[in-house]
Structure formats: C-alpha cells, structure tokens
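Asks: I am attaching a structure below and will ask some questions about it afterwards.
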C-alpha cells in the first residue's frame, strides 16, 4: 500500500467530484413566527385527531354496536390515522426547515392554502395539474 502525504490527499480531494445538494428552502420562506403558528395549529389538530382515534377504537372494541356502526367507525379510524400521519409529516417538515415548499415545483406554497390544508405538500397549481406528492416523492428518491 502506498503512503500518501497530506498534500497529495488534499489535492486528490479537491479534484474529487462533489454532487451539490439541492436546496429546498425558498428564498422567500416563512418567518419563524409564522412557522411557530403553523406548528401550534398542527399540534392542536394532531391532539384532536388522537382523541377521535381513541373514541373510535372504543366503538370498535365494544360488541354493542351494529355491524354498520362498526364499519363506519373503522372507515373513520382509517381516515383519521392517515390524516394524523400527514399532520405529523408536516410537523417534521417544519423541524427540517422545508415546510411550505411545494414538492412538485419547489416554490413557496401560498399561506392561504396552508391555512386551509396545513399538511399539504403541493401548491394550488401543482394540485390542479394532477401532480401527486407521493408520486413526486417516489420519483425523487429513485433518481
């Protein structure tokens, strides 16, 4: 094995191709105060969803409900569990500093949209163009 000097290592590293990271934070992002406001709203939303999930779990655990009521509770439970997953994902994006950035085009998602659907990953244009956050995320991980 050949011994190398620090100078040779430094030279080799300078010539080594480095892939530049994509930045996902927009130049005109949300302020810390706005992000904190979104975070508090989502924490409250997550708390309410967890309470709803517990209540519907109790319905499913009892045998006193009709089959139709149990089916409705199971359907609601599945939807609420999925919504909770989306809300928790949005809170993670806040912590990572990429909340409010459209995964479809990389632009800032309008505040009005985030107020209406705080866990969204797509701006209005991308949503209307039929882009799917799951499909875009899957495509970006395979490239």
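The values are calculated or read from the model by the stated rules, or taken from the named source; none is laboratory data. Keep in mind it's a predicted model, so treat the numbers as computed, not measured. No Cβ is skipped: glycine too gets one built from the backbone with ideal geometry, and neighbour counts run over all protein chains shown.
Asks: Do we have residue 98 as farther than 16 Å from residue 37 by Cβ and surrounded by 14 or more Cβ atoms within 10 Å (Cβ to Cβ) here?
Replies: Answer is yes for this residue.
Asks: Which one is surrounded by the fewest Cβ atoms within 10 Å (Cβ to Cβ) among residues in segment 58-68 that are touching a helix residue (DSSP H, G or I) at 6+ places or on another chain (Cβ under 7 Å) and in a helix (DSSP H, G or I)? Give the steps one after another, and end with the answer.
Replies: Step one: filter segment 58-68 for residues touching a helix residue (DSSP H, G or I) at 6+ places or on another chain (Cβ under 7 Å), giving 59-60, 65.
Adding the requirement that they be in a helix (DSSP H, G or I) leaves 59-60.
Details: 59: 16, 60: 14.
Out of the qualifying residues, it is 60.
Asks: Right, here's the next one. With respect to residue 23, is the statement that it is closer than 26 Å to residue 104 by Cβ, exposed (fewer than 14 other Cβ atoms within 10 Å of the Cβ) and at pLDDT below 90 true? Working first, answer last.
Replies: Numbers: closer than 26 Å to residue 104 by Cβ: yes; exposed (fewer than 14 other Cβ atoms within 10 Å of the Cβ): yes; at pLDDT below 90: yes.
For residue 23, the condition - closer than 26 Å to residue 104 by Cβ, exposed (fewer than 14 other Cβ atoms within 10 Å of the Cβ) and at pLDDT below 90 - is met.
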